[in-house]
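FYI, it's all coordinate maths here, none of it is from the lab. Bear in mind the structure is a predicted one, so any value in this text is a computation, not a measurement. Methodologically, a virtual Cβ is constructed for each residue, glycine included, from the backbone with ideal geometry; neighbour enumeration extends over all protein chains shown.
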């Protein structure tokens with residue numbers, strides 16, 4: 001026991017832990033600042049955020065202490081359990097016109113946060129298991145199906161931003177598992193076709209690129225033909241897909257393309273966010289001194305748009321510091337994944353880091369008008385119990401692998 005404690009102290013990644021703690025403390029401070037406005041229900045949110053961080057530290061310690069072999073052994077029960085919760089939450093009372101949370105008194109449990117961890121475990125187990133070792137194509141197909149299961153249930157809630165975390169995780173893990181780049185491109189092609197179909201010229205260019213990729217990679221006709229027909233069908237069905245989107249989803253896409261279409265309505269979020277960040281300049285207006293925040297022009301400033309509040313009050317340097325802390329955390333995590341001798345552990349770390357990176361890119365891009373507004377939180381900083389605790393649990397798993405990086 002004494003030797004394990006000594007080894008743990010040596011192998012614990014203190015730099016990764018320090019980066020996460022600094023982000024959490026910054027989150028508590030910015031939630032405090034963002035709620036210092038004359039609006040009912042916001043007073044005291046920073047103390048609850050501090051409570052969530054405290055609970056998250058305890059959860060992180062548990063996930064760091066339990067040997068990752070238990071995660072591998074319990075991957076299937078955990079995955080199936082989270083799928084059951086995702087089904088049950090659809091019958092829970094709606095909150096904000098969505099079925100995403102179980103109300104447990106003052107705490108709202110969001111099953112999709114647990115599903116991210118469960119998906120990382122089961123995909124890592126599938127990609128490293130012996131059952132499909134001799135069938136690479138079936139292994140990739142099985143991993144994809146396991147990611148699409150929770151993704152589909154989260155889409156029904158509806159929660160588009162969280163649903164997109166699962167394909168982001170899958171791609172990161174497949175890349176780390178050395179799946180060929182051409183396979184990843186062809187897997188992404190239907191999604192890229194949907195993006196390209198916003199205009200006929202862009203879709204024609206994409207289809208030409210797809211054909212060129214078939215030629216460049218010497219893809220067999222029996223594989224190229226169905227994939228080409230699938231992308232052609234998606235392009236043809238795009239109007240139908242558009243009509244099946246909810247009105248607020250259509251509005252978000254249109255406003256993402258041109259926020260000026262509705263500057264006092266759906267475009268308000270993006271425009272005010274860009275004004276807040278731009279007005280901060282290099283050094284910011286000072287902590288608690290943000291005018292966009294004080295006048296409540298900045299929407300959801302303690303949750304989805306907390307990065308905008310950071311930009312206004314702490315300026316470019318404050319935003320850069322936050323980005324660098326995230327970058328250092330991700331870098332240290334990737335070092336752990338690279339050094340881990342166990343394939344399951346290494347892939348799990350990459351899957352969780354892919355989720356964290358996706359949250360970061362989408363949230364920051366959203367506040368800058370580079371990504372559509374999806375309501376996805378900024379890890380460790382945005383207010384919210386489930387998200388904070390789940391992200392700290394993910395860090396606990398990464399630290400767990402770091403402590404046991406030499407185990408097979």
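A full extension of the chain between residue 289 and residue 57 corresponds to an added length of 80.5 nm, given 0.36 nm per residue minus the alpha carbon distance. Size descriptors for the range 35-160 (Cα atoms only): Rg and Dmax, in that order, 18.1, 63 Å.
Rounded to whole Å, give me the distance from the Cα center of the range 166-215 to that of the range 16-89. Each part's Cα centre sits 33 Å from the other's.
For the Cα trace of the range 313-362, dividing Rg by the Kirkwood Rh returns an Rg/Rh value of 1.12.
Between 117, 376, 55, which gets the highest mean-square fluctuation from a Gaussian network model of the chain, Cα cutoff 10 Å? Checking each option, the largest mean-square fluctuation is seen for 55. Take every Cα pair under 8 Å whose residues are at least 6 apart in sequence, average their separation, divide by the length of the range 151-223, and the relative contact order is 16 percent. When the Gaussian network model of the chain links Cα atoms closer than 10 Å, the mean-square fluctuations of 70, 32, 383 top out at 70. The helix-based estimate of mean residue ellipticity at 222 nm for the chain, built from -39,500 (n - 2.57) per DSSP H run of four or more residues and divided by its residue count, is -23000 deg cm²/dmol to the nearest 500.
Ordering 277, 330 from the fewest to the most neighbouring beta carbons within 10 Å gives 330, 277.
Using a Gaussian network model on the chain with a 10 Å cutoff between Cα atoms, which of 20, 200, 392 fluctuates the most? Largest GNM mean-square fluctuation: 200. The relative contact order of the range 37-159, computed from alpha carbon pairs under 8 Å that lie at least 6 residues apart in sequence, is 25 percent. The Cα center of the range 120-165 and the Cα center of the range 327-382 differ in position by 17 Å. Which of rounded, prolate or oblate describes the chain when judged by the alpha-carbon gyration tensor and an a/c cut-off of 1.5? Note, shape of the chain comes out oblate.
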